[in-house]
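Quick notes on the structure that follows.
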Amino acid sequence: MEVGELEGVSIADLGTSFGQFLLNWQQGMGTVKLPGGESMVELADRVWNTVQSIINNHNQGNVVVVSHFFTCVATICKALGWPITTIERLRVQTGSVSVIDFDNGQPRLVSLGDTCHLKDG
């Protein structure tokens, strides 16, 4: 995600320097752009174009795509036709695996945030 002026800003500084913006961003239903960056809607649209290209170029077999939190949840929302605001209800951990099956042109969420491969033993 293009975070613009928020690049490198610590979590502690976000609340201090960008508190009002973060409140507006959360209430903006995904349409508010980060200062100098992009909105969640723009991210979802940009990522979805890439996903469509991957699907068109690899219509047989499996493809693994590795990305960051907002990109992953934006892709899941877009694939399933959910509003971008649904990201607030999705929980995926660092290193987790989510699987979307695109067989027959109908995306199907097979797993969300699976972390079984991270457990010991």
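Values in this text are rule-based calculations from the coordinates and carry no lab data. Just so we're clear, the structure is a prediction, and the values are computed from it rather than from any experiment. All Cβ positions, glycine included, derive from the backbone under ideal geometry; neighbour counts span all protein chains shown.
Entry note, the range 43-121: relative contact order of 24 percent, from Cα contacts under 8 Å with a spacing of 6+ residues. Modelled this way, with points 7 Å down the Cα-to-C-beta line, the labels at Gln60 and Arg46 are 3.4 nm from one another. What the pair-distance distribution of the range 63-121 shows, using all Cα-Cα distances binned every 10 Å from zero, is 21, 55, 21, 3 percent.
When +1 charges are put on Lys and Arg Cβ atoms and -1 charges on Asp and Glu Cβ atoms, the dipole computed for the chain relative to its Cα centre reaches about 300 debye. Summarised in one figure, the compactness ratio Rg/Rh of the chain, Cα atoms and Kirkwood Rh, is 1.01.
Applying the criteria of a DSSP loop state and at most 12 other Cβ atoms within 10 Å to the GluC sites (Glu not before Pro) of the range 19-121 yields no site.
The loop-placed trypsin sites (Lys or Arg not before Pro) in the range 50-121, going by DSSP, that have at most 13 neighbouring Cβ atoms within 10 Å of their Cβ come out as Arg91, Lys119. If you line up the long axis of helix 11-27 against the longest principal axis of the chain, both from Cα atoms, how many degrees apart are they, to the nearest 10? Helix 11-27 sits at roughly 70 degrees to that axis. Which one, Gly30, Gln20, Gly4, projects farthest toward the positive side of the charge dipole computed for the chain from Cβ point charges (K/R +1, D/E -1)? Value: Gly30.
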